[in-house]
Amino acid sequence: MIVHLTASIRKPETDAPYLQLITETIHDHGAVLAHNWLDDALSRNKNDSPSNWTAYVEENLEAIKRCDVVIVELTYSSFGSGFLIAAALEHKKPILAVSRGKVKSHTASGLADSLFTYKKYTTTDSLASIIDSFLDKNTIHTKDLRFNMFLTRATFKYLEDTSRETGKSRSEIIRELVKQKADKDAHHA
């Protein structure tokens, strides 16, 4: 699983342990980060910002496209975090937003999308548990998944005819059709 972690760092000495715990929990779960920005961000001076905002935005958007899920640390809300949440929703990525305080006065409190989950944490143990639970819920194992469905007579006839013509199995035809549709949708996104 590929995870994109994003956060707004205001107090590196306070924020770093929580962000490092999130990263460790991601790795302990067998997942990887889509873009490892944390070490660079923590090594900059407190008032420094990325030297190239275009590259920063492009790296984050590319990470969102590549990742399976997004985790946003929202203790300090920012335009950037909101922008990346919107981008993740646009790309249909499950999002976990966590914060040490309430987000009632933030836009995140108004999001009503099944892909968006918000959790408040108070301890490192509760944070690790929230991250683990989210990753467990959104893990799709790499082995092939079985999916059964009922077919109408017309659909079955189409699959039988196409199978005879192409020499492919019905399952193979369905997989190809779904993949073509998914690729087409991804291309238009």
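The values are calculated or read from the model by the stated rules, or taken from the named source; none is laboratory data. Computed from a predicted model, the values in this text were never measured in an experiment. No Cβ is skipped: glycine too gets one built from the backbone with ideal geometry, and neighbour counts run over all protein chains shown.
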Among what's in segment 76-91 and is touching a Lys or Arg at 6+ places or on another chain (Cβ under 9 Å) and modelled with pLDDT of 90 or more, pick the residue that is surrounded by the most Cβ atoms within 10 Å (Cβ to Cβ). ALA87
Could you tell me how many of the residues in segment 54-103 are of a type in the set (Lys, Arg) and over 19 Å from THR139 (Cβ atoms)? 3
Identify the single condition in (1) farther than 21 Å from VAL69 by Cα; (2) of a type in the set (Gly, Ala, Ser); (3) modelled with pLDDT of 90 or more that GLY101 does not satisfy, given that it satisfies every other one. (3)
Residues satisfying the stated conditions in segment 62-96, i.e. among the aliphatic types (A, V, I, L, M) and part of a helix (DSSP H, G or I): ALA63, ILE64, LEU84, ILE85, ALA86, ALA87, ALA88, LEU89
Cβ pairs under 7 Å, 6+ apart or interchain, first in segment 53-67 and of a type outside the set (Val, Ile, Thr), second part of a helix (DSSP H, G or I), ordered by first then second residue, are ASN60/LEU84; LEU61/ALA87
